[in-house]
Amino acid sequence: QVQLVESGGGLVQPGGSLRLSCVASGIIASMYTLSWYRQAPGKQRELVAAISRGGSTNYDDSVKGRFTISRDNAKKIVDLQMNSLKPEDTAVYYCSAKWVTGNPYWGQGTQVTVAS
């Protein structure tokens, strides 16, 4: 059974930092593209950052220079370091694992709230 479990969300002031972690089980994580998505109230889920099997990364323009995605295949972890947080970063953040074919797997989400 595949499971993705996120942690690290919370309440932070604007300009602050948070580090999200996602632990995968039931898959060979090194074979998957790992991503972070977010969904704000009333909005569609959007890609925040992704890291390929080979370590290539891509980011949404809104987080470039502020967020960093990284992976540890041995520990089956994908992290998202979020710096200089803004109120518009407030959302539920989801971890995703996608193989070459088939549908992605999703975590249950972790809430990030940026407010003073």
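The values are calculated or read from the model by the stated rules, or taken from the named source; none is laboratory data. Small disclaimer: the values here were computed from a predicted structure and weren't measured. For the accessible areas, the whole protein counts, side chains as well, though only heavy atoms, and no ligand, DNA or RNA atoms are used. Shrake-Rupley method; radii C 1.70, N 1.55, O 1.52, S 1.80 Å.
Odds and ends about this structure:
- Between Val78, Val12, Val100, the GNM of the chain built on Cα springs shorter than 10 angstrom shows Val100 fluctuating the most.
- The distance separating the Cα centre of the range 11-34 from that of the range 51-77 comes to 9 Å.
- For the chain, the per residue solvent-accessible surface stands at 53 Å², with DNA, RNA and ligands left out and a 1.4 Å probe.
- Global geometry of the range 29-71, whether rounded, prolate or oblate, following the gyration tensor of its Cα atoms and the 1.5 cut on a/c: oblate
- Cα-based shape type of the range 1-75, given that a ≥ b ≥ c are square roots of the gyration tensor eigenvalues and the cut on a/c is 1.5: prolate
- Accessible-area composition of the range 76-116, carbon plus sulfur, in percent [1.4 Å probe]: 54 percent
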